Amino acid sequence: MDDRARVATLLGRPPRCGFEVVVRDVGGDPVVIRNAPLLDDGTPMPTRFWLVGEAASRAVSQVEAAGGVRRAGAEVDPAALAAAHARYAAERDAEIPVDWSGARPSGGVGGTRQGVKCLHCHYAWYLAGGDDPVGRWVAAELQA
């Protein structure tokens, strides 16, 4: 199965923008994809890194269900988180075509301007090599 078909299966629908698989599991299955900053129809796509791997998504969902978003927000340094949001947005925005005049994605990790919204987004960026303090927090939670 090609990556586009496999990601469609993992998402439960066809992808709506260009992407590339940036993290795979030991069997080669996609775990994290990096999305284009704009959907195919030009709609802004704030979520640059997306956790699509079944096992990883399930594990992070369990952390979220146990109050992980609230705990991460309380335990991660706000200044480090704000800096991460800025880095994420800058990297995503650098991929928008220079001549683009339409709407642009906003916010940082997962489109959030501040705080923690989605542990999946933070963990995806962390797995892809992003300097994300919430992603590190999630990794530590999953190891505990």
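For segment 38-99, what does the alpha-carbon gyration tensor say about shape, rounded, prolate or oblate, given a ≥ b ≥ c as the root eigenvalues, a/c under 1.5 as rounded, and a/b over b/c as prolate?
oblate
Return the long-range amide H neighbours of Leu38 (sequence gap of 5 or more, or a different chain), with a cut-off of under 5 Å between placed amide H atoms.
Here the answer is Met45, since their amide H atoms fall under 5 Å of that of Leu38.
Please give the per residue volume of the convex hull enclosing the alpha carbon atoms of segment 65-137, rounded to a whole number of Å³.
84
Report, to two decimal places, the Cα Rg of the chain normalised by 2.2 N^0.38 Å (N = number of residues).
Here the answer is 1.02, to two decimals.
I'd like the FRET efficiency for Leu142 and Trp100, computed as 1/(1 + (r/R0)^6) with the beta carbon distance as r and R0 of 35 Å, rounded to 0.05.
0.40
Along the charge dipole of segment 1-110, pointing to its positive end and built from +1/-1 on Cβ of Lys, Arg, Asp and Glu, which listed residue (Ala72, His85, Ser106) has its Cα farthest out?
Ala72
For the pair Asp25/Ala80, report the inter-label distance in nm, with labels modelled 7 Å from Cα in the Cβ direction.
2.9
Per residue, how much accessible area does segment 4-144 have with a 1.4 Å probe, in Å²?
Numbers: 7060 Å² over 141 residues.
With all protein chains present, segment 4-144 gives 50 Å² per residue.
Using a 7 Å offset from Cα along Cα-Cβ at Arg87, what residues in segment 41-77 end up with backbone N under 17 Å from the label point?
Inside the label zone: 48-50, 76-77.
Which of rounded, prolate, oblate describes segment 25-65, given a ≥ b ≥ c as roots of the alpha-carbon gyration tensor eigenvalues and a/c under 1.5 marking rounded, otherwise prolate only if a/b is larger than b/c? Don't skip to the answer; put the middle values down first.
Numbers: a/c = 3.90, a/b = 1.63, b/c = 2.39.
It comes out oblate by the Cα gyration axes.
Accessible area of segment 1-128 with a 1.4 Å probe: how many percent of it is carbon plus sulfur?
Exposed carbon and sulfur together represent 52 percent of the surface.
The values are calculated or read from the model by the stated rules, or taken from the named source; none is laboratory data. None of the values given here were measured: they were computed from a predicted structure. Using ideal geometry, Cβ is built from the backbone for each residue, glycine included, and neighbour counts are taken over all protein chains shown. Note: areas computed on protein heavy atoms with side chains; ligands, DNA, RNA excluded. Shrake-Rupley method; radii C 1.70, N 1.55, O 1.52, S 1.80 Å.
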